[in-house]
Amino acid sequence: MITRFAPSPTGPLHLGHAYSALLASDMARAASETFLLRIEDIDQSRARPEWEAQIFDDLHWLGLDWPEPVMRQSERLPVYRAALQELWSRGLLYPCSCRRRDILEAASAPQEGGAPVMGPDGIVYPGTCRDRPLPAEMPAEALRLNMRKALDGIDNILFQEDGSGPNGERGTIDIAPETLIGSIGDIVLARRDMGTSYHLSVVVDDAAQGISHVIRGQDLFAATAIHVLLQRILGLPRPIYHHHRLIRDDAGKRLAKRDDARAIGKYRADGASPADIREMVGLR
Ligand code: GLU
C-alpha cells in the first residue's frame, strides 16, 4: 500500500486537509506501509514557498512522516509534456483559444439548450475549437481532450471506491462513456499559462509514485472518472479510490483555503494539541 497527501501550497492547511492527511497516513501505518507527501504547485501564480514551509511544519506537528525529498510538480513539466505529446500524436488533443466568456456565451446559445451544463471543471465545453484544422506540432496553447475520440473503443469507466462518493457511491463504480461526454466533456489537459493541468499531473504522478490508494475528499469524486479515463488512455495503473466525507464549518459549508479561522496554525496558536485536532475531525 502506498498512500499520499497532495496539497497545493496556495494557503494554510485547515481541518479538512488535516483529516485527509491523517487518514492517508493512518491507513498506510496500519498496514506498515508508505505514506508520501507530494507538493502540487503547478499553479506558480498562486503557490508560495511560505505556504509550503507551513504545510511541512503543520504535518510534522500532527505527527506525520514521509520519505524525503518530496515530489514537487513544478519540477516535472517535461514529464507532463511527454504525456501530452503522446496524446497529441494520437489525435486526442486540440488547441483551444476560447476565453471563459466565449465558453459561457456559446454554451448558453439557444441551440445548446440555453442553460450551460456544469461539469467538475465548470461549464461543459460546447466544442467551439474542436473541429479547427490541427497544427502539425503540438502548440504551447491550451489543449483540450477530445472526449468522444478518447472514449473510442472504451465500453465503460470502472473503478473501485473503498470510501464513499457524495451520494453514498461505493464498491465498483461503473460510468458509461455517454455520461463522460455529456457531463464532463472536452476538458483542458494543458492550460495556456501552465503547460499542464491538475488532472493530467495528478494521474501521471500517482502512477510515477506507485500510489495504490488515493485518499481524498468527496469534492474530487466527480474528477475520478476523468482520472480513470486518463489512466486507460495513457496505459497507467489504476489505484483504488477512497473518498472521504468533507469537514464542514458550523453552518455546514465545506472549508476552503480562505477559511483561516479553521487553519491548523490558528488552532496551534490557540494551544490545541495534535490529539485535539484528531478529535475535532472525528479520528481517534
Ligand atoms: N492538490 C489537490 C488539492 O489540493 C488534491 C489532489 C488530489 O488529492 O488528487 O485539492
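Just the protein heavy atoms count here, and of the accessible area of the chain at 1.4 Å, carbon and sulfur take up 50 percent. Each principal axis of the Cα cloud of segment 76-153 was evaluated for its coordinate range; sorted largest first, these ranges are 39, 29, 26 Å. Taken per residue, the accessible surface of the chain reaches 48 Å², heavy atoms only and a 1.4 Å probe. The calculated FRET efficiency for M280 paired with T10, based on their beta-carbon distance and R0 = 25 Å, is about 0.65. Taking amide hydrogens as placed 1.01 Å from N in the peptide plane, the amide H of H14 sits under 5 Å from those of I264, each at least 5 positions away in sequence or on another chain. Backbone phi angles across segment 192-206, fed through the Karplus curve with coefficients 6.51, -1.76 and 1.60 (θ = phi - 60°), yield HN-Hα couplings of 4, 7, 10, x, 8, 8, 3, 4, 5, 5, 5, 6, 4, 6, 4 Hz in residue order; Gly and Pro are listed as x.
Classified by the C-alpha gyration tensor, segment 189-284 has a prolate form. Its axis ratio a/c, with a ≥ b ≥ c, is 1.5 or above, and a/b is larger than b/c.
In the chain, a dipole from Cβ-located charges (positive for Lys and Arg, negative for Asp and Glu) runs towards its positive end, and of M194, Y267, T172 it is M194 whose Cα lies farthest in that direction. Applied to segment 236-250, the Karplus parametrisation 6.51 cos²θ - 1.76 cosθ + 1.60 on θ = phi - 60° returns per-residue 3J(HN,Hα) values of 9, x, 10, x, 8, 9, 9, 8, 10, 4, 9, 7, 10, 7, 4 Hz, with x for Gly and Pro. Exposure check, 1.4 Å probe, all protein chains in place: M27 carries approximately 50 Å² of accessible surface.
At q = 0.26 Å⁻¹, what is the base-10 log of I(q)/I(0) for segment 38-77 according to the Debye formula with one equal point scatterer per Cα and no solvent? Please give it to two decimals. Values returned for q = 0.26 Å⁻¹ are -0.97. Computed from backbone phi with θ = phi - 60° and the Karplus coefficients 6.51, -1.76 and 1.60, the 3J(HN,Hα) list for segment 74-83 is 5, 8, 10, 3, x, 5, 5, 5, 5, 5 Hz; x is used for glycine and proline.
Helices in the chain, meaning DSSP H runs of at least 4 residues, each add -39500 (n - 2.57). Divided by all residues, the mean residue ellipticity at 222 nm is -10500 deg cm²/dmol. A dipole drawn for the chain from +1 and -1 charges on Cβ atoms has a positive end, and of P139, V228, Q160 the residue lying farthest that way is P139. If the chain linking D162 and R100 were pulled fully straight, counting 0.36 nm for each residue of separation and taking away their Cα-Cα distance, it would gain 18.7 nm. If you plug the beta carbon distance of A222 and V70 into 1/(1 + (r/R0)^6) with R0 = 30 Å, you get a FRET efficiency near 0.65. Maximal additional length on extending the K253-F56 stretch stands at 68.3 nm, based on 0.36 nm per residue less the C-alpha distance.
For trypsin sites (Lys or Arg not before Pro), the sites in segment 79-161 that DSSP calls loop and that have at most 12 other Cβ atoms within 10 Å are R90, R99. The mean sequence separation of alpha-carbon pairs under 8 Å and at least six residues apart, normalised by the residue count of segment 1-115, gives a relative contact order of 25 percent. Charges were assigned to the Cβ only: +1 to each Lys and Arg, -1 to each Asp and Glu. The resulting dipole of the chain about its Cα centre is roughly 320 debye. Residues whose amide H lies under 5 Å from that of A142, counting only those 5 or more places away or on a different chain, are C96, R192; hydrogens are built 1.01 Å from N in the peptide plane. Remark on the chain: ratio of C-alpha radius of gyration to 2.2 N^0.38 Å is 1.04. Simple spin-label estimate for S273 and T172 gives 4.7 nm between the two label positions (7 Å along the Cα-to-Cβ direction from each Cα). Extension gain for T128-A109 works out to 5.7 nm (0.36 nm per residue, less the C-alpha to C-alpha distance). Put L87, L234 in order of accessible area, highest first, and with a 1.4 Å probe you get L234, L87.
Short-range pairs are left out: with C-alpha atoms under 8 Å and at least six residues apart, the relative contact order of the chain is 24 percent.
Averaging Cα coordinates gives a centre for segment 163-232 and one for segment 116-147; these two points are 17 Å apart. Ranking I157, I123 from most to least accessible surface, computed with a 1.4 Å probe over the protein chains only, gives I123, I157.
The values are calculated or read from the model by the stated rules, or taken from the named source; none is laboratory data. As the structure is a computational prediction, the values presented were derived from the model and not from experiment. No Cβ is skipped: glycine too gets one built from the backbone with ideal geometry, and neighbour counts run over all protein chains shown. These area figures cover heavy atoms from the full protein model, side chains too; ligands, DNA and RNA do not enter into them. Shrake-Rupley method; radii C 1.70, N 1.55, O 1.52, S 1.80 Å.
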